[in-house]
1. Along the positive direction of the dipole of the chain (beta-carbon charges: Lys, Arg +1; Asp, Glu -1; about the Cα centre), which of Leu143, Ala17, Pro105 reaches farthest?
2. Give the range of the longest stretch in the chain that excludes all GluC sites (Glu not before Pro) found in loop regions by DSSP and having at most 15 other beta-carbon atoms within 10 Å.
3. Under the Karplus relation 6.51 cos²θ - 1.76 cosθ + 1.60, θ = phi - 60°, what is the ordered set of whole-Hz ³J(HN,Hα) values for segment 155-160, x standing for Gly and Pro?
4. So what is the 222 nm mean residue ellipticity for the chain from helices alone, if each DSSP H run of at least 4 adds -39500 (n - 2.57) and you divide by all residues, rounding to the nearest 500 deg cm²/dmol?
5. About the Cα centre of segment 13-109, what is the dipole size in debye to 20, counting +1 per Lys and Arg Cβ and -1 per Asp and Glu Cβ, all else neutral?
6. For the chain, calculate the relative contact order in percent as a whole number, restricting contacts to Cα pairs under 8 Å that are 6 or more residues apart.
7. Please list the non-local residues whose amide H lies under 5 Å from the amide H of Asn88, H modeled 1.01 Å from N, same-chain partners needing a gap of 5 or more.
8. If exposed means no more than 10 neighbouring beta carbons inside 10 Å and the site is in a DSSP loop, what's the longest run of the chain without any exposed trypsin sites (Lys or Arg not before Pro)?
Amino acid sequence: MVLIFALASFVTAAQEADFILSDFFAVQVEERVYMRWTIIQGNTCEDTYIERSEDGASYERIGLIGGICGSPDQSVTYDFNDLEPLPNRPVQYRLYLGQFGFSSPRTVEFVQYNDQGFLLAPNPFSDFAKLSFENKFNEEYTLFIIDPQGRVVFDAITTGSMFIIRRENLGAGVYYFRVSRQGKINFEGKFLVI
């Protein structure tokens, strides 16, 4: 009896549409969010709606793949591009697959860099900020944080595409930062710790 109740709870908690999907993902590709999903063989529905949410509660429809989706004979893969993604914040995408209902959402943070090629957010900050930039070839970058008196108060190295700047390493106030590669400054700016 307990096993049946636990199984029923699992099925209720999961979205019915998730059981007919495989490989549903959403990722940033240059200036768009690319989505791909496969409807497993033997499942069909009418119309597929693509929806987007900023808060995970209210969704707006941003696309439609009209007609019969899926196939009784084979698995079918679909693609969709959000050509106007919402920048610099986590956004959820989900599918509405007719009688199967909604899929579980996929979260993407579409990063849009400024003219210098980086994004520092949030700014100002009280806990931490992410300094993101493009690093396609995993080169070594160095971050220097400088106080108003010109002293380097923190430095770090990464071969990734982001530095995390933590409040615990700094007092309240204005700081300047410089990111360099192979001894040359790539970009610089300032931020406020509150």
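Coordinate-derived values only; no laboratory data. Please read these numbers as outputs of a predicted model, since none were measured by experiment. All Cβ positions, glycine included, derive from the backbone under ideal geometry; neighbour counts span all protein chains shown.
1. It is Leu143, whose Cα lies furthest towards the positive end.
2. 55-133
3. 9, 8, 10, 9, 10, x
4. The helix contribution divided over the chain gives -2000 deg cm²/dmol.
5. 100 debye
6. Relative CO of the chain lands at 16 percent.
7. It is Phe110, Val111, Gln112, by chain and number.
8. The segment 1-135 is the longest one with no such site.
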